[in-house]
1. Going through Ala63, Ala101 one at a time, which residue ends up being out of contact with any Lys or Arg (no Cβ under 9 Å at 6 or more places or on another chain) and under 20 Å from Arg28 (Cα atoms)?
2. If I filter region 70-88 down to residues being under 9 Å from the mean Cα position of the chain (by Cα) and crowded, with 19+ Cβ neighbours inside 10 Å, which single residue comes out as farthest from Ser26 (Cα to Cα)?
3. From the residues in region 1-50 that are outside any helix (DSSP H, G or I) and under 24 Å from Ser67 (Cβ atoms), which one is farthest from the chain's Cα centre (by Cα)?
4. Name every residue in region 100-120 that is buried (at least 19 other Cβ atoms within 10 Å of the Cβ) and modelled with pLDDT of 95 or more, in order of residue number.
5. Which one of these is touching a residue at least 60 places away in the same chain (Cβ under 8 Å) and either of a type in the set (Ser, Thr, Tyr) or in contact with a strand residue (DSSP E or B) (Cβ under 6 Å, 6 or more places away or on another chain) (or both): Thr3, Thr93, Thr40?
6. Check region 65-83 and report whether any residue there is touching a residue at least 60 places away in the same chain (Cβ under 8 Å) and of a type outside the set (Lys, Arg).
7. Testing Phe91 on (1) at pLDDT below 95; (2) open to solvent by 60 Å² or more (accessible area, probe 1.4 Å), one condition comes back false. Which one is that?
Amino acid sequence: MRTIWLSGPEWLAALRIGLGLWWLESWRHKDKKAWLERSTGITWAAGIAAKHRWAFVRGGFGAVVGSRPKLMAYVVLYAELAIGLGLVLGFLTPIALIGGALLNLLYFVLMIHDWAEQGQNSMMVLISLVALLGMSWQTWALDETWGLFL
């Protein structure tokens, strides 16, 4: 494989790290106090889910997320942080990539009416897939250093 500037594995690592930084920005810009004390993010999402055109989203959100908003606020916040750190550091990278893709798919389905959200989440899923199939943890990663996921 011929590339400009970086090798193929280095480009995959750069893609993985960029995706990790995207997740960390998603975590950073949230008002953590409001999320954790008042579950504002979950309340906002519940309003979207309640008007969703698909009944399974309305019912599923209410049953899984809406019934435990405080817990789910913690889950969302710390999942985004863990995914971001895992990808930037290259630690448990395949797990972070799969977890991130699943979270993006959940966001994608919830925000099906919002083109901007659809674009962001579909691009993040695509990057996750490329980074996973390209085994992006082979370069610039703790997984590589410690011999994980060879």
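The values are calculated or read from the model by the stated rules, or taken from the named source; none is laboratory data. A quick note: this is a predicted structure, and the numbers were derived from the prediction, not measured. Please note: Cβ atoms are built from the backbone with ideal geometry, for glycine as well, and neighbour counts cover all protein chains shown. Side chains included, ligands, DNA and RNA excluded: accessible areas come from the protein's heavy atoms. Shrake-Rupley method; radii C 1.70, N 1.55, O 1.52, S 1.80 Å.
1. Numbers: Ala63 fails: under 20 Å from Arg28 (Cα atoms).
From the options Ala63, Ala101, the qualifying one is Ala101.
2. Ile83
3. First pass over region 1-50, keeping only residues outside any helix (DSSP H, G or I): 1-7, 29-31, 39.
From the residues that got through so far, the ones that are under 24 Å from Ser67 (Cβ atoms) too are 30-31, 39.
Details: Lys30: 14, Asp31: 18, Ser39: 19 Å.
The extreme case among them is Ser39.
4. Within region 100-120, Gly100, Ala101, Leu103, Asn104 qualify.
5. Values: Thr3 fails: touching a residue at least 60 places away in the same chain (Cβ under 8 Å); Thr40 fails: touching a residue at least 60 places away in the same chain (Cβ under 8 Å).
Among Thr3, Thr93, Thr40, only Thr93 is touching a residue at least 60 places away in the same chain (Cβ under 8 Å) and either of a type in the set (Ser, Thr, Tyr) or in contact with a strand residue (DSSP E or B) (Cβ under 6 Å, 6 or more places away or on another chain) (or both).
6. Within region 65-83, the subset touching a residue at least 60 places away in the same chain (Cβ under 8 Å) is 83.
Filter again for of a type outside the set (Lys, Arg), leaving 83.
For region 65-83, residues touching a residue at least 60 places away in the same chain (Cβ under 8 Å) and of a type outside the set (Lys, Arg): present.
7. Of everything listed in (1) at pLDDT below 95; (2) open to solvent by 60 Å² or more (accessible area, probe 1.4 Å), Phe91 misses just condition (1).
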